[in-house]
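Contents: one structure, followed by commentary.
The values are calculated or read from the model by the stated rules, or taken from the named source; none is laboratory data. Everything quoted here is computed from the prediction, not taken from an experiment. Cβ coordinates were reconstructed from backbone atoms using ideal geometry, including for glycine residues, and neighbour counts include every protein chain displayed.
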Amino acid sequence: MVTRTYLIWTFLRASCHRGYVLVSGLYFVVVAHLPAGELLLLGTVVAVTMLASDAPAGVWSDAISRRWPLATGHALLAAGMVTTGFVTAFPWIVATQVLWGLGWALMAGADVAWLTDELDDPAGIARALTAAARWELAGGAAGMVAFGVLSLVAGPAAAIAVSGAGMALIGLYVAARFTERHFTPVRHRAAPAILRRGLGLARRDHQILLVLAATTTVNGAGVIGWIFPRRLVELGFPGDPTLWYTALGLLASVAGAVTLRLVEARIDGEGVARRVYALACLAGALGALVLAYAPGALVGGLGVLLVSGVCFTVTRAVGVIWVNGRVTSDVRATVHSFLSQAENTGKIAGGFALTALAQAAGPGATLVTSAALIACAGAMVATRR
């Protein structure tokens, strides 16, 4: 029952999230006319917001509740998403992304911590999290179809607003269904001790440090996802870009789901997470190079499949599973918030560096640099113990 509740929530949240990301990505290019530098800067704004909020949110989840940070996060996500559909000026778009980032920061770690506590099955949690990653992809695919069609019929602004309203309703589902039977709150004054224990565990465990370093590097390269729509439009998307980008997003979800399904039964085996992570990085580096040198939108789309569908999807899922298997319940959400901070540290550093590179040398050089970073992360995971 716990796993079912979590999977349903994962599917619904991904539907609204991926629908929003699809339509807003095109909205920022086609309606708001943001250049590549401003698109990359948006990713940096979200990352800075989350970096500042992740650790306090993680400590809140370990000290007070798993459920209420999730519900509050949904409310902030909904506010940012709905507002996006009503603004086109860059400063206002930045403000909406700050709200969006705060919402995700509150969720970081609380979701995995809730499932781990309530499932209470150390042997099955890795498979449950892998299944959740597949459900997330399925929900994302459904959301891209639904909101892509809605965007074509009613316009991107309406589709964005509806996705935000859906996110608010999912927050009510969390408040009603995410009961906490195996979590015991602690005193507010214990929060600093929780943070210290989490930091101590992360420093002592070399594998957690390795995942944090690789996550920082991959996500530094990952900010190129903000320029995928623009790059594909430049390469000559035929017809309506919304239709084609929706189709590409669906194919990326299928590629990620198939990859996760192949590793799900073995993910808790000795050394499997390390090997899968390294191979996903190899695929991502290849995909970024393909997109950089693609002669047209079709070949460029194949590169996006490798980067988004395989690399970013698999490395994130495997990183969460790898870390989750090495932490204790009393600091679980806090350590997962460190993983989120590693993601956002990479996005900030990569955002500033790749924004400057994109403005100076164009998207081609930016994609090649991203490929090199992803390859370095894969080599790090494969060779260090």
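Worth a mention:
- Condition broken by Leu282, with the remaining ones in (1) under 26 Å from Asn344 (Cβ atoms); (2) surrounded by fewer than 23 Cβ atoms within 10 Å (Cβ to Cβ); (3) touching a Lys or Arg at 6+ places or on another chain (Cβ under 6 Å) satisfied: (3)
- Val335 being surrounded by 24 or more Cβ atoms within 10 Å (Cβ to Cβ), in contact with a Gly (Cβ under 9 Å, 6 or more places away or on another chain) and among the β-branched types (Val, Ile, Thr): yes
- Any hit, the range 183-191, residues being modelled with pLDDT under 90, basic (Lys, Arg) and over 14 Å from Arg66 (Cβ atoms): yes
- Note on the range 106-129: residues that are buried (at least 22 other Cβ atoms within 10 Å of the Cβ) and modelled with pLDDT of 90 or more total 10.
- Selection of the range 59-110 for residues being in contact with a Ser or Thr (Cβ under 7 Å, 6 or more places away or on another chain) and among the charged types (D, E, K, R) yields only Asp62.
- Hits in the range 253-279 (condition: among the small types (Gly, Ala, Ser) and surrounded by fewer than 18 Cβ atoms within 10 Å (Cβ to Cβ)): Ala265, Gly269, Gly271
- Any hit, the range 181-204, residues being under 21 Å from the mean Cα position of the chain (by Cα), part of a helix (DSSP H, G or I) and β-branched (Val, Ile, Thr): no
- Residues (of a type outside the set (A, V, I, L, M), touching a Leu at 6+ places or on another chain (Cβ under 9 Å) and assigned to a helix (DSSP H, G or I)) located in the range 169-180: Gly171, Tyr173
- Inside the range 50-61, residues that are over 21 Å from Thr10 (Cβ atoms) and crowded, with 21+ Cβ neighbours inside 10 Å make up a count of 3.
- Residues of the range 194-221 that turn out to be among the small types (Gly, Ala, Ser) and surrounded by fewer than 16 Cβ atoms within 10 Å (Cβ to Cβ), as a count: 1
- Filter pass, Ser329 being buried (at least 17 other Cβ atoms within 10 Å of the Cβ) and either closer than 29 Å to Met107 by Cα or of a type in the set (Val, Ile, Thr) (or both): no
- When the range 135-159 is filtered for residues that are surrounded by 22 or more Cβ atoms within 10 Å (Cβ to Cβ) and either within 20 Å of Gly325 (Cα to Cα) or over 18 Å from the mean Cα position of the chain (by Cα) (or both), the ones remaining, listed by number, are Phe147, Gly148, Ser151, Pro156, Ala159.
- Unique residue being free of Cβ contacts under 8 Å to residues at least 12 places away in the same chain and under 26 Å from His17 (Cβ atoms) when the list is Ala273, Ala214, Ala247, Ala252: Ala247
- Within the range 241-298, tally of residues that are of a type outside the set (Gly, Ala, Ser) and within 28 Å of Pro363 (Cβ to Cβ): 22
- Elements of type helices (runs of 4 or more DSSP H) contained in the range 248-345, each with 2 or more residues being closer than 28 Å to Thr116 by Cβ: 272-293, 313-324
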